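This report refers to the structure that appears directly beneath it.
Read the figures in this text as sums done on the coordinates, not as results from a lab. Remember, predicted model here, so these are calculated numbers, not experimental data. Heads up, the Cβs are rebuilt from the backbone with ideal geometry, glycines too, and the neighbour counts pull from every protein chain shown.
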Amino acid sequence: MFWRKTGIAIALRTLFGLPLAAVLGVIGMAIASASSVFFGVSGLPTLLTLLMIGGGVGAGIGAGAMMLRIDDIPHWTLLLLGAFVVMVLSAGGGWIGFQVGDHISAIEDARCVGVCGYLFRPRTYIVLGATLVANVIALAFNIVYEGRSNRGTAASPRIARATGGAGGAQRR
């Protein structure tokens, strides 16, 4: 029963985390783009790096926010380490998304000879890559955290504490 409830909760958090991570990834890219204009970034590689980092941080925040549990928050060091890992790997997912998007755009250019428009711009693939990687990492973190905690072995946490079961101190 515990794993069924936990599985449904994790699936719903993931379902709601995908659009939140995508929206915050786009906002992160917009902030990165605006800051590149404000600070006068002149090179395309620097701009693309800023966009990938902005999309990764935004998608990481969105995925991490949906994976947090209000009733059982991990220790702050584990939480910060998890958030840092999610954001860094999400920025890497943005880079992979850009590479895939660049390849797909090149295939579309070869087929259409520049006449038809793109399905998605390479910037969209940055957000898609960052969002997918952030949600997969946050989902894996949540599954591991849920599996390692000893909660749910009793029917109710109150009953477990009162009887000295899982989660409660044994009374003698």
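Ranked by the mean number of other Cβ atoms within 10 Å of their residues, highest first, the peptides 36-48, 133-145 come out as 133-145, 36-48.
In terms of packing, defined here as the mean over residues of other Cβ atoms within 10 angstrom, the peptides 13-23, 75-85 line up highest first as 13-23, 75-85. Computed over Cα pairs, the Kirkwood radius of the stretch 2-149 leads via Stokes-Einstein (1.002 mPa s, 20 °C) to a diffusion coefficient of 133 µm² per second.
Using the Karplus relation 6.51 cos²θ - 1.76 cosθ + 1.60 with θ = phi - 60°, the per-residue 3J(HN,Hα) values for the stretch 34-50 come to 5, 5, 5, 5, 5, 8, x, 5, 9, x, 5, x, 5, 5, 5, 5, 4 Hz, with x marking Gly and Pro. For ALA30 and ALA65, the difference between the fully extended length at 0.36 nm per residue and the C-alpha to C-alpha distance is 10.6 nm.
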